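J.: Dropping a structure here in structure tokens format, bear with me for questions.
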């Protein structure tokens, strides 16, 4: 048995040592809000499958002031999550090459944000059409 | 011909990326639609 004890760099609090890592961990933290919202929607779907009374009960629960405050907090967190999701694209995606030239990081991020705004407007229009 | 065992990692990274992309594209508006009108008539309920 070797008596050697190689140095292992401690990783405790690694993300606090660099402002970029802190920003990244805040982005990852907002994923918890995305998960919480996904579970809320899933519960709604299950209640819908259980019949009209169960569905109306879930709708009433969503009108609770606490539910509205939670939705506001989730809205802020999910909006930040979407904003930083595209902001991180030049780092999380492999470089995109068009006509033998690498697409500038700013163009990649800008395209992502534009796509998000377009998707949001299309979704709102769809729901508006269904509700009308 | 020798067939190499291919990694299944890209499939799971792909699912991760697809989920993140959907959440980023429609997430904020979905929260706004379903929760923002919580005190009013629910748009999906009609």
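J.: What is the one condition in (1) over 15 Å from the mean Cα position of the chain (by Cα); (2) within 17 Å of residue B:18 (Cα to Cα) that residue A:106 does not satisfy?
T.: Here residue A:106 clears every test but (2).
J.: Suppose we filter A:107, A:122, A:127, A:118 for residues that are part of a helix (DSSP H, G or I), within 11 Å of chain B (Cβ to nearest Cβ), surrounded by 12 or more Cβ atoms within 10 Å (Cβ to Cβ) and out of contact with any helix residue (DSSP H, G or I) (no Cβ under 7 Å at 6 or more places or on another chain); which single one remains? Don't jump to the end; show me each part of the working.
T.: Values: A:107 fails: within 11 Å of chain B (Cβ to nearest Cβ); A:127 fails: out of contact with any helix residue (DSSP H, G or I) (no Cβ under 7 Å at 6 or more places or on another chain); A:118 fails: surrounded by 12 or more Cβ atoms within 10 Å (Cβ to Cβ).
Sole residue among the options that is part of a helix (DSSP H, G or I), within 11 Å of chain B (Cβ to nearest Cβ), surrounded by 12 or more Cβ atoms within 10 Å (Cβ to Cβ) and out of contact with any helix residue (DSSP H, G or I) (no Cβ under 7 Å at 6 or more places or on another chain): A:122.
J.: Filter the stretch A:27-53 down to the residues that are surrounded by fewer than 11 Cβ atoms within 10 Å (Cβ to Cβ) and either more than 21 Å from the chain's Cα centre (by Cα) or modelled with pLDDT under 90 (or both) and list them by number.
T.: Answer for the stretch A:27-53, where residues must be surrounded by fewer than 11 Cβ atoms within 10 Å (Cβ to Cβ) and either more than 21 Å from the chain's Cα centre (by Cα) or modelled with pLDDT under 90 (or both): A:49, A:51, A:52, A:53.
J.: Working only within the stretch A:82-104, note down all residues that are at pLDDT 90 or above and not in a helix (DSSP H, G or I). Outline the logic, then answer.
T.: Here is the first cut: in the stretch A:82-104, the ones at pLDDT 90 or above are A:82-87.
Within the stretch A:82-104, none qualify.
J.: Under 8 Å between Cβ atoms, at least 6 apart or on separate chains: pull out the pairs that start in the stretch A:24-42 with a residue that is touching a residue at least 60 places away in the same chain (Cβ under 8 Å) and end on any residue that is surrounded by 14 or more Cβ atoms within 10 Å (Cβ to Cβ) and assigned to a helix (DSSP H, G or I).
T.: If the second residue must be surrounded by 14 or more Cβ atoms within 10 Å (Cβ to Cβ) and assigned to a helix (DSSP H, G or I), the pairs left are A:24/A:15; A:27/A:80; A:27/A:81; A:27/A:84; A:27/A:85.
J.: Within the stretch A:77-104, restricting attention to residues that are without any contact (Cβ under 8 Å) to a residue 12 or more places away in the chain and at the interface with another protein chain (Cβ under 9 Å from one of its Cβ atoms), which residue is farthest from residue A:22 (Cα to Cα)?
T.: Taking the stretch A:77-104 first, the residues without any contact (Cβ under 8 Å) to a residue 12 or more places away in the chain are A:79, A:91-92, A:94-95, A:97-104.
This time we only want the ones that are at the interface with another protein chain (Cβ under 9 Å from one of its Cβ atoms), so: A:79, A:92.
Working: A:79: 18, A:92: 16 Å.
Only one residue tops the list, namely A:79.
The values are calculated or read from the model by the stated rules, or taken from the named source; none is laboratory data. Note that this is a predicted model, so its numbers are computed, not measured. Methodologically, a virtual Cβ is constructed for each residue, glycine included, from the backbone with ideal geometry; neighbour enumeration extends over all protein chains shown.
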